[in-house]
Amino acid sequence: MRLLTLNNETRREAIGVFVSNYFTNTLNLYGMTARGADWRDDDAQTLRFEQLLKILPAQSDSVQTFTLVDYGCGYGAFLKHLDKNRIRANYLGIDCTKVMVETSSVFFKERNDCRFICSDSLQEPTDYTVVSGTFNYKDKLDQALWQDHVLACLDNINEYTTKGFAFNLLTSYSDADKMKDHLFYANPGFFFDYCKKNYAKNVALLHDYGAYEFTVLVRK
């Protein structure tokens, strides 16, 4: 796949194809489960969600509902987590994997506070955006090219998100013998610095929750 020779839009589409193929396979194998979204188990998935929740405002009965985009929503597991924590949001899930969008749309079809679309980018304003695990699978692409792709996605998220966004990445501080060639391991310091310089003054780096990854919170 000679992505280096493609323009940004065509490159994003090409990346979307192999990512979609990968997660179509995981969903077909494991269904609407954590493994279906390529997490080890429910606990691993929930641990990540708990970090992402920290970007959201504290909830009370008097707080108005906010808008939230789940970028790379999969089968809608984060929406279930919001429900479990009694957090009200006008939810939009976007994912480049068509079968994920179709599955979640059917599962949540009775609700009027959420919708799902097949897309690889934000195209409308939102208060908050969360990204969980979306940037981990890079297939055979080299680190530098995938990092450029991640930054382009974050630039898009920043453009359309008005109050704050949160994302996680596997850490380059992972044990070398446990790292896998098809996954992207990022330098947490680089992404913290990039977000501080380009997105907001209030940025938090969470790297203390017992996983081989980190979460970045960008508050505007």
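Observations
- Those residues of the range 94-131 which are open to solvent by 80 Å² or more (accessible area, probe 1.4 Å) and under 18 Å from THR33 (Cα atoms), in sequence order: LYS98, GLU102, VAL106, PHE107
- Look at (1) surrounded by fewer than 16 Cβ atoms within 10 Å (Cβ to Cβ); (2) under 21 Å from ASN136 (Cβ atoms); (3) touching a strand residue (DSSP E or B) at 6+ places or on another chain (Cβ under 7 Å) and you find that PHE78 fails only one, number (1).
- Matching entry among THR46, THR65 (being closer than 30 Å to ASP181 by Cα and open to solvent by 20 Å² or more (accessible area, probe 1.4 Å)): THR46
- Within the range 30-48, the set of residues being within 18 Å of TYR137 (Cβ to Cβ) and in a helix (DSSP H, G or I) comprises TYR30, ARG35, GLY36, ALA37, ALA44, GLN45, ARG48.
- Filtering PHE190, PHE116, PHE165 for residues that are modelled with pLDDT of 95 or more and in contact with a Cys (Cβ under 7 Å, 6 or more places away or on another chain) leaves a single hit, PHE116.
- Subset of the range 205-220 that is out of contact with any Ser or Thr (no Cβ under 7 Å at 6 or more places or on another chain), in contact (Cβ under 8 Å) with a residue 40 or more places away in the chain and open to solvent by 10 Å² or more (accessible area, probe 1.4 Å) - its residue that is nearest to ARG40 (Cα to Cα): ALA211
Each row is one residue, and each column tells you yes or no for (1) in a helix (DSSP H, G or I); (2) more than 16 Å from the chain's Cα centre (by Cα); (3) modelled with pLDDT under 70.
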| site | (1), (2), (3) |
| --- | --- |
| ARG11 | yes, yes, yes |
| PHE23 | yes, no, no |
| ASN28 | yes, yes, no |
| GLU50 | yes, no, no |
| VAL63 | no, yes, yes |
| VAL69 | no, no, no |
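- When the residues of the range 25-43 are filtered to those that are among the acidic types (Asp, Glu) and more than 17 Å from VAL99 (Cβ to Cβ), the one that is least open to solvent (accessible area, probe 1.4 Å) is ASP41.
- For the residues LEU217, LEU170, the requirement of being touching a Phe, Trp or Tyr at 6+ places or on another chain (Cβ under 7 Å) and at pLDDT 95 or above singles out LEU170.
- Residue count for the range 177-195 under the criterion of being open to solvent by 60 Å² or more (accessible area, probe 1.4 Å) and within 12 Å of LEU217 (Cβ to Cβ): the result is 1.
- ASN85 vs. criteria touching a strand residue (DSSP E or B) at 6+ places or on another chain (Cβ under 8 Å), surrounded by fewer than 19 Cβ atoms within 10 Å (Cβ to Cβ) and modelled with pLDDT of 90 or more: no
The values are calculated or read from the model by the stated rules, or taken from the named source; none is laboratory data. Small disclaimer: the values here were computed from a predicted structure and weren't measured. Here Cβ is always computed from backbone atoms with ideal geometry, including for glycine, and neighbour counts include all displayed protein chains. Side chains are part of the model used for accessible areas, which takes the heavy atoms of the whole protein and leaves out ligands, DNA and RNA. Shrake-Rupley method; radii C 1.70, N 1.55, O 1.52, S 1.80 Å.
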